[in-house]
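Since the structure comes first, as structure tokens, the remarks are kept for the end.
The values are calculated or read from the model by the stated rules, or taken from the named source; none is laboratory data. Nothing here was measured: the structure is a model prediction, and the numbers come from that model. Cβ sites come from the backbone with ideal geometry, for glycine too, and all protein chains shown count toward neighbours.
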Amino acid sequence: MDGLAHQIVAGIATGGIYAAVSLALVMIYQATHHVNFAQGEMATLSTFIAWSMIEAGIPYWVAFFATIAISFVIGAAVERLLMRPVQNAPVLTHVGVFIGLLLIVGNATGWIFGYTTKLFPTPFESDKPLLGGLVSAHELGSTAVTLAVLSLVYLFFRHTRLGLAMRAAAYNPRSARLVGIRVGWMLALGWGLAAAIGAVAGMMVAPVVFLDPTMMLGILLYAFAGALLGGIDNPSGAVIGGFAVGVLENLAGAYVVGTELKLTVALAIIIGVLVVKPSGLFGRVVMSRV
Amino acid sequence: MRLNRRALLLGTAGSLALPQLAPAQEAPGVTATEIRIGSTNALSGPASAYSVITKGLAAMFRRVNDQGGIAGRQINFIAYDDGYQPPRTLEQTRRLVEQDRVAFLFNQLGTPTNSAIHRYVNQRKIPHLFLATGADKWANPREYPWTIGWQPSYRTEAQIYAKYLLEQKPNTKLGLLYQNDDFGKDYVNGVRDVLGPRFDAMVKLASHEATDPTIDSQIVSLQAAGCDALICGIIPRFAAQAIRRVFDIGWKPMMFMTNVSVSVGTVMQPAGLEKGVGLLTSDYRKDQSDPAWADDPGMKEWRDFMRRYVPDGELGDNNYTYAYGVGSTMLQVLKQCGNDFSRENVMRQATNIAPMDIATLLPGVKVQSQPRNYNVIRQMQLQRWNGRAWERFGGVIEGANV
Amino acid sequence: MPALLEAKGLTAGYGAAPVLHGLDFEVEEGGVTALLGANGAGKTTTLRAVCGMVRTTGEIRLGGQSIAGRATEDIARLGLAHVPDGRGTFMELTVEENFRLGAYVRRDREVQADFERMWEWFPRLRQRWRQQAGTLSGGEQQMLAIARALLLRPRLLLLDEPSFGLAPLIVQEIFAIMRRIREESGVGILLVEQNANLALELADRAYLLETGRIVVAGPAAELREDEAIRRSYLGY
Amino acid sequence: MSATDRIALPLRRPATALAAWQRSALVLAGLAAALAPLWLLESFHLFQLTMAVIMALAVLGLNIVTGYNGQISLGHGAFFAVGAYATAILMSHLDWSFWATLPVSAVVCGLIGYGVGFPALRLGGLYLALTTFSLAVAVPQILKHKSIEGWTGGVQGLFLVKPDPPAFLPLTPDQWMYCMALIVSSVCFLLAWNLIRGRIGRALMATRDHPIAAEAMGMDIAALKTQAFAVSAMITGLAGSLSAVAVEYVAPDSFSFALSINLFVGMVVGGVASILGSLFGGLFVLFVPNIAEAISKAAPGVIYGVILIAFLFLLPDGFAGLLRRLAARLRRASP
């Protein structure tokens, strides 16, 4: 029974990682109605940027916020330079561009920063292991950061004029233009915010999994699953979904099928849930009457 | 039977497709001024961490060329990207052999990738030298005489751990944490070799995928199963995670780590130097970030090379010391060839290396080969982490005799 | 004084084939101008051309200022509101959020007062305040679309077939509200409508469009009375 | 990718009728172009072309379900893998001939595709993308699972041998391999061509573009969509079978999710919902990485990404879009 509790705690700790990245995915979805497959790679690049600054002696929190700002600019620039030219192309072409972006960012990161495993510092140091050593102070701290980001995102989207405009631009760009919203800038802003949130996620994940260019490769799939499980249009759903995937995966691996099929079974369960509830556990079903 | 018939057919096909070009050539891929050597590596994609090996090798050949080349010939080292995908390896290898007409193939990366060309190169009798993989199937001179590995096999390494463990704790309950691929499974096979029928009773297995973010769940399972020893066949990022997590949960198994993942700079420091105290491994290389080798002449030679030929290289990346070791072996073979760089002679020399020291290998660990024994490096030494450096203990172990 | 909206030699189309072939028309300040014609005559395209949703040539002026070739969002910011075909409400958002978006570009302090005015004109929307727009009935959605457009405080309102797909009773209700808007707000309206009878009752002036050309123009009352026009173009 | 799984493309105009002699001339020219490499190319390039034809066939399979039917799949590498393993297992364990394995491979892949089609009915857009992508990630793990290791060879994979050319043909094994790839692909391309141009093709595109109208017209959308998945999986599976013998080796690492991504790229650059485009897509994914590598050895992946994006900027609707525009211009020029 002790084992079960430990598996759940470990799952929650890993789930925190998924939750952070799920949130970034939902964020860009809210703002652009796209899911950016290069999100993980971009977050890794951001984390490397932060790592370089910290290595150069810049204090953690300065590097943290500077990285968020840089990532925001990179995200917005990517939208302007890469997405803008194909905005009228079919959706599948957009996916093609995402794949190109994934290749470029993923390969360039290793080329620039090297491939060795690196230690990324945490601002939440503690000598005492918590919960039998399964959870570190960092994991608690990063969960708190995730929740803080979630609240900020929620407030931004629900209660600011800009947040509302961004949602409107994503849902219905044509109508958004008619009320005077500069849709192009909203998309760039959305990409910027998503990249910034991705950077936060990357910097929170890296101390746990260690930093290398492939750090996000697997995480992105789990995060994607978490986001869809929770409901792609619901930031809090995504966070819950991320935690759920972490726990589910551990329990499947430890008690159901063994570790070799852990991912397979977890994904099968998620797809099963989605078949029953196609817009996710907490997703909003858009009703419309004609 | 089938294979023989096919080999025959391919032989004729080969002569049809490759008319004897340029009679001035003394051997394929060799001219009076040049020796062409081919290789493949993952220069793109998730496995491209290993691309630095190719970078290091290219720099070594550049140094040789600067020094006048081999027997008056410049080395033309052609390396192609296979993205670690076996079909691409076959494509690129065929390009090297049939289009670039290289003399031989050297240090291609990966087990599944080399498997895809294993038969092709042996049918065509192309030397397939010193592969960048620790699978043990490359040392099979009877069936595949043209293929030879280099580093000690993972399976042998696992056998060493299992033997040592049985000496220390005869009634152990062993946890085996491995990556679910050919690399990780070799550790399972090695332990199974030693334990035999007792394997199922004594061992609890936990695998992980290369794409898993963490391995916490696996470690929790192994601890809960009551294991008092742990052998890990995992890559550096997960190794650092495992060392830290095992320490944090207060589990104190006798822990063995694959020598793929014991670099001071990229594993032990990230994990936390004090968290790995007592960790065991069995290595054949000097670790460049280990202060013990700060004044070692061999490592000085390597650092000098890096400074001059790979100035932008990451000194903490032990793929560079690997490249230096395997590159030195290759150069030794070329020197032994004298003036005869025919494929037959290259293979003959590659399989007749008298025991020799290599700058980046541990003292006492030799590079050698005999026509009947293709295990080029067969010695390792157990080491224990003391919180600052790896302490070697016991003698050099001849792995192939285990 | 120039007209609120003036178009001269306006052509527009999708891709290679033009749909409009040189239209000249005007909309007076505070008046209702109706644009009539059969299906495919180019009415909707005309509205899209005015607010920059399709590529155009020719001159378009709003209050004397050229708006030809400008981006839709900039034209909206100059005080032109458009209720497009399909209404252009934000189905996924609540009624309240649709209201807020309607007033998105406004910085003045009277937004709240305008909300209240809309509640008065469209009391049903107030009841549905926190509901998703997608859950409203067709008539309510049309009302929301009009309210959303008016909240821009436009000088000119473009309405594309407000009666489309609605039950006759609801259509009556909507046109009653539009009459009120004309009287109480002073906004100029360019109305595209299939139901010519209704449109001509409301409008001051009217244009009749046929295959991308204006064939008849004149005061609404005259068009209504003209037997020949009624027979051949309006079909009643 | 957008959540709306709308893939806006015009319904294809019915092909302008060609005179019989024109049609046969086209067929002959095509045949000559396809067979010429047998004698023109040396064996390595022939091998590359064989692989490109195989990739094109796999892209064609993907195009049926994603291009023509609008159901996004990021996991067609899974069907490719299943087809390859079906052939490899039958040939290496049971000593079947290559040709005999093809029907089995097609049926197995078709059934799996049919099965995947059911959850796909409930899941649109992103959700389907995740489901299919999961399939691509899961299949290699399943292939190396210990319970079927005896059959699949686990992580070590399986070796097999290319079939010999029939005695009466003076061909090398490489040339014969190219012929086999050509035969299987031509048959599949012709079948797909007929399928798409006919009633079923129109129904597939109608369910993609106007599902409600299609249903109102009495089409059984569920059946159409699941069948589209089955046919699509079958074609991609056959491509997998061919690749198994062409490479003479199958291993889980040959079918990582990168393969699925590659097929998807092939479809997009070739042109969504285009049969000819699939052919181009196959050539692109095989040859462009080599071009990228020739430009930069240091980071070929970066160059490949740049080429891909540049290509999509220039031709957002792929190679087939360019062909369509050229054809339209020609038609206008000669009334």
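Whether any residue in region B:129-143 is within 24 Å of B:R101 (Cα to Cα), in contact with a Gly (Cβ under 9 Å, 6 or more places away or on another chain), of a type in the set (G, A, S) and touching a residue at least 12 places away in the same chain (Cβ under 8 Å) is what I want to check.
Scanning region B:129-143 turns up at least one residue that is within 24 Å of B:R101 (Cα to Cα), in contact with a Gly (Cβ under 9 Å, 6 or more places away or on another chain), of a type in the set (G, A, S) and touching a residue at least 12 places away in the same chain (Cβ under 8 Å).
Regarding region A:50-59, can at least one residue be identified that is crowded, with 24+ Cβ neighbours inside 10 Å and modelled with pLDDT of 90 or more?
Of the residues in region A:50-59, the ones crowded, with 24+ Cβ neighbours inside 10 Å are A:50.
If we keep only those that are modelled with pLDDT of 90 or more too, we end up with A:50.
The answer is yes; a qualifying residue exists.
Taking region A:1-24 only, how many residues are more than 14 Å from chain B (Cβ to nearest Cβ) and of a type outside the set (G, A, S)?
Step one: of region A:1-24, the residues more than 14 Å from chain B (Cβ to nearest Cβ) are A:23-24.
Okay, now just the ones that are also of a type outside the set (G, A, S), so A:23.
Qualifying residue count, region A:1-24: 1.
Sort out which residues of region D:262-293 are part of a loop (DSSP other than H, G, I, E, B) and of a type in the set (S, T, N, Q), and write them in order of number.
Initially, region D:262-293 is screened for residues part of a loop (DSSP other than H, G, I, E, B), giving D:271-274.
D:S274 - this is the single residue of region D:262-293 that is part of a loop (DSSP other than H, G, I, E, B) and of a type in the set (S, T, N, Q).
Restricting to region D:307-335, name every residue that is free of Cβ contacts under 8 Å to residues at least 12 places away in the same chain and either touching a Pro at 6+ places or on another chain (Cβ under 6 Å) or under 17 Å from A:Q87 (Cβ atoms) (or both).
D:I309, D:A310, D:F313, D:L314, D:P316 - these are the residues of region D:307-335 that are free of Cβ contacts under 8 Å to residues at least 12 places away in the same chain and either touching a Pro at 6+ places or on another chain (Cβ under 6 Å) or under 17 Å from A:Q87 (Cβ atoms) (or both).
I'd like the full set of residues that are of a type outside the set (D, E) and either crowded, with 22+ Cβ neighbours inside 10 Å or touching a Gly at 6+ places or on another chain (Cβ under 7 Å) (or both), limited to region D:303-329.
D:I303, D:Y304, D:G305, D:L308, D:I309, D:L312, D:L315, D:G318, D:F319, D:A320, D:G321
Looking at A:A43, is it within 14 Å of chain B (Cβ to nearest Cβ) and under 17 Å from B:T211 (Cα atoms)?
On the way: within 14 Å of chain B (Cβ to nearest Cβ): yes; under 17 Å from B:T211 (Cα atoms): yes.
Against the criterion (within 14 Å of chain B (Cβ to nearest Cβ) and under 17 Å from B:T211 (Cα atoms)), A:A43 qualifies.
Using the structure shown, decide if B:I249 is under 27 Å from the mean Cα position of the chain (by Cα) and of a type in the set (V, I, T).
Spelling it out, it is not the case that B:I249 is under 27 Å from the mean Cα position of the chain (by Cα) and of a type in the set (V, I, T).
Please indicate, with yes or no, whether at least one residue in region A:203-215 is more than 30 Å from C:I146 (Cβ to Cβ) and among the charged types (D, E, K, R). Before you say what the answer is, go through the steps one by one.
The first filter runs over region A:203-215 and keeps only residues more than 30 Å from C:I146 (Cβ to Cβ), leaving A:203-215.
Now narrow it down to the ones that are among the charged types (D, E, K, R): A:212.
Yes, the conditions are met somewhere in region A:203-215.
When you go through A:A170, A:A201, A:A176, A:A195 one by one, which is the residue that is within 17 Å of C:E97 (Cβ to Cβ), away from chain B (no Cβ under 11 Å) and touching a residue at least 12 places away in the same chain (Cβ under 8 Å)? It would help to see each step written out before you state the result.
Numbers: A:A201 fails: within 17 Å of C:E97 (Cβ to Cβ); A:A176 fails: touching a residue at least 12 places away in the same chain (Cβ under 8 Å); A:A195 fails: within 17 Å of C:E97 (Cβ to Cβ).
Selected residue: A:A170, the only one of A:A170, A:A201, A:A176, A:A195 that is within 17 Å of C:E97 (Cβ to Cβ), away from chain B (no Cβ under 11 Å) and touching a residue at least 12 places away in the same chain (Cβ under 8 Å).
Given (1) out of contact with any His (no Cβ under 8 Å at 6 or more places or on another chain); (2) closer than 30 Å to D:H145 by Cα, where does D:S260 come up short, assuming only one miss?
(1)
Matching residues to (1) more than 10 Å from every other protein chain (Cβ to nearest Cβ); (2) in a loop (DSSP other than H, G, I, E, B); (3) among the β-branched types (V, I, T):
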residue	(1), (2), (3)
A:W191	yes, no, no
A:G218	no, no, no
A:L228	no, no, no
A:V239	yes, no, yes
A:E249	no, no, no
A:A252	no, no, no
A:L263	no, no, no
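Answer yes or no: is there a residue in region C:126-134 that is part of a helix (DSSP H, G or I), under 28 Å from C:Q65 (Cβ atoms) and touching a residue at least 40 places away in the same chain (Cβ under 8 Å). Lay out the reasoning, then the answer.
Of region C:126-134, the ones part of a helix (DSSP H, G or I) are C:126-127, C:133-134.
Right, trim to under 28 Å from C:Q65 (Cβ atoms) and you get none.
There is no residue in region C:126-134 that is part of a helix (DSSP H, G or I), under 28 Å from C:Q65 (Cβ atoms) and touching a residue at least 40 places away in the same chain (Cβ under 8 Å).
Go through region B:83-113 and give me each residue that's at the interface with chain D (Cβ under 10 Å from one of its Cβ atoms), within 20 Å of D:F159 (Cβ to Cβ) and outside any helix (DSSP H, G or I). Please lay out each step first, then the result.
In the first step, residues of region B:83-113 are kept if they are at the interface with chain D (Cβ under 10 Å from one of its Cβ atoms); the result is B:83-100, B:110-113.
Narrowing further to those that are within 20 Å of D:F159 (Cβ to Cβ): B:84-94, B:97, B:110-113.
The answer is B:Y84, B:Q85, B:G110.
Among the residues of region B:174-212 satisfying the criterion of being surrounded by fewer than 24 Cβ atoms within 10 Å (Cβ to Cβ) and of a type in the set (K, R), which is nearest to the other protein chains (Cβ to nearest Cβ)?
Result: B:K204.
For every residue, the table says whether it meets (1) outside any loop (DSSP other than H, G, I, E, B); (2) at pLDDT below 90.
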{"position": "C:K8", "(1), (2)": "yes, no"}
{"position": "C:P18", "(1), (2)": "yes, yes"}
{"position": "C:D24", "(1), (2)": "yes, no"}
{"position": "C:G30", "(1), (2)": "no, yes"}
{"position": "C:T33", "(1), (2)": "yes, no"}
{"position": "C:G40", "(1), (2)": "no, yes"}
{"position": "C:L47", "(1), (2)": "yes, no"}
{"position": "C:R61", "(1), (2)": "yes, no"}
{"position": "C:D74", "(1), (2)": "yes, no"}
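Looking at region B:184-193, can you tell me whether even one residue there is of a type in the set (D, E) and within 25 Å of B:G83 (Cα to Cα)?
Filtering region B:184-193 for residues of a type in the set (D, E) gives B:186, B:193.
Next, from what is left, pick out any that are within 25 Å of B:G83 (Cα to Cα): B:186.
Checked region B:184-193: at least one residue is of a type in the set (D, E) and within 25 Å of B:G83 (Cα to Cα).
Would region D:83-91 turn up any residue that is at positive phi and more than 22 Å from the chain's Cα centre (by Cα)? Please lay out each step first, then the result.
Residues of region D:83-91 that are at positive phi, as a first pass: none.
The answer is no, given that none of the residues of region D:83-91 is at positive phi and more than 22 Å from the chain's Cα centre (by Cα).
Can you confirm whether region C:90-110 contains a residue that is in a loop (DSSP other than H, G, I, E, B), surrounded by 17 or more Cβ atoms within 10 Å (Cβ to Cβ) and more than 9 Å from every other protein chain (Cβ to nearest Cβ)?
Here is the first cut: in region C:90-110, the ones in a loop (DSSP other than H, G, I, E, B) are C:90-93, C:103-110.
If we keep only those that are surrounded by 17 or more Cβ atoms within 10 Å (Cβ to Cβ) too, we end up with C:90-93, C:103-105.
So of that shortlist, the ones also more than 9 Å from every other protein chain (Cβ to nearest Cβ) come out as none.
Checked region C:90-110: no residue is in a loop (DSSP other than H, G, I, E, B), surrounded by 17 or more Cβ atoms within 10 Å (Cβ to Cβ) and more than 9 Å from every other protein chain (Cβ to nearest Cβ).
Consider region A:217-268. How many of its residues are more than 23 Å from A:G283 (Cβ to Cβ) and modelled with pLDDT of 90 or more?
Going through region A:217-268 one residue at a time, the tally reaches 0.
Take the residues in region D:115-138 that are among the small types (G, A, S) and touching a Leu at 6+ places or on another chain (Cβ under 9 Å), then tell me which one is farthest from A:A225 (Cα to Cα). Reasoning before the result, please.
Filtering region D:115-138 down to residues among the small types (G, A, S) leaves D:115, D:117, D:120, D:124-125, D:129, D:134, D:136, D:138.
After this cut, where a residue has to be touching a Leu at 6+ places or on another chain (Cβ under 9 Å) as well, the list is D:120, D:129, D:134, D:136, D:138.
Working: D:A120: 16, D:A129: 11, D:S134: 9, D:A136: 14, D:A138: 14 Å.
Within region D:115-138, the match that is farthest from A:A225 (Cα to Cα) is D:A120.
In the list D:A129, D:A81, D:A25, D:A29, which residue meets the criterion of being within 14 Å of chain B (Cβ to nearest Cβ) and either in a helix (DSSP H, G or I) or at pLDDT 95 or above (or both)? Let's see the steps before the verdict.
Working: D:A129 fails: within 14 Å of chain B (Cβ to nearest Cβ); D:A25 fails: within 14 Å of chain B (Cβ to nearest Cβ); D:A29 fails: within 14 Å of chain B (Cβ to nearest Cβ).
Answer to the selection: D:A81.
Of everything in region C:154-182 that's hydrophobic (A, V, I, L, M, F, W, C) and part of a loop (DSSP other than H, G, I, E, B), which residue is farthest from the other protein chains (Cβ to nearest Cβ)?
To start, the set of residues in region C:154-182 that are hydrophobic (A, V, I, L, M, F, W, C) comprises C:156-159, C:164, C:166-167, C:169-171, C:174-178, C:181.
Retained after the next criterion (residues that are part of a loop (DSSP other than H, G, I, E, B)): C:164, C:166-167.
Values: C:F164: 11, C:L166: 11, C:A167: 13 Å.
Per the criteria, the residue is C:A167.
Scan region A:25-36 and report the pairs whose first residue is more than 12 Å from A:G192 (Cα to Cα) and more than 9 Å from chain D (Cβ to nearest Cβ) and whose second residue is outside any helix (DSSP H, G or I) and hydrophobic (A, V, I, L, M, F, W, C), with Cβ atoms within less than 7 Å and a gap of 6+ or a chain change.
Short answer, once both residue conditions are applied: A:L25/A:V35; A:V26/A:I232.
Considering every residue within region C:126-136, establish whether at least one is among the aromatic types (F, W, Y) and surrounded by 14 or more Cβ atoms within 10 Å (Cβ to Cβ). Outline the logic, then answer.
Going residue by residue through region C:126-136, those that are among the aromatic types (F, W, Y) are C:129.
The next check asks that each one be surrounded by 14 or more Cβ atoms within 10 Å (Cβ to Cβ); those that pass are none.
No - not one qualifying residue is present in region C:126-136.
Mind checking whether some residue in region D:211-228 is buried (at least 24 other Cβ atoms within 10 Å of the Cβ) and more than 30 Å from D:F159 (Cβ to Cβ)?
Here is the first cut: in region D:211-228, the residues buried (at least 24 other Cβ atoms within 10 Å of the Cβ) are D:228.
If we keep only those that are more than 30 Å from D:F159 (Cβ to Cβ) as well, we get D:228.
Yes, region D:211-228 contains at least one residue that is buried (at least 24 other Cβ atoms within 10 Å of the Cβ) and more than 30 Å from D:F159 (Cβ to Cβ).
Taking the conditions exactly as written (in a helix (DSSP H, G or I) and more than 27 Å from D:L49 (Cα to Cα)), does D:Q175 satisfy them or not? Step through it out loud before you land on a result.
Details: in a helix (DSSP H, G or I): yes; more than 27 Å from D:L49 (Cα to Cα): no.
When the stated conditions are applied, D:Q175 does not pass them.
Is there a residue being in contact with a Ser or Thr (Cβ under 6 Å, 6 or more places away or on another chain) and modelled with pLDDT under 90 anywhere in region C:93-113?
Narrowing region C:93-113 to residues in contact with a Ser or Thr (Cβ under 6 Å, 6 or more places away or on another chain): C:98.
Next, only the ones that are modelled with pLDDT under 90 stay: none.
Within region C:93-113, none of the residues are in contact with a Ser or Thr (Cβ under 6 Å, 6 or more places away or on another chain) and modelled with pLDDT under 90.
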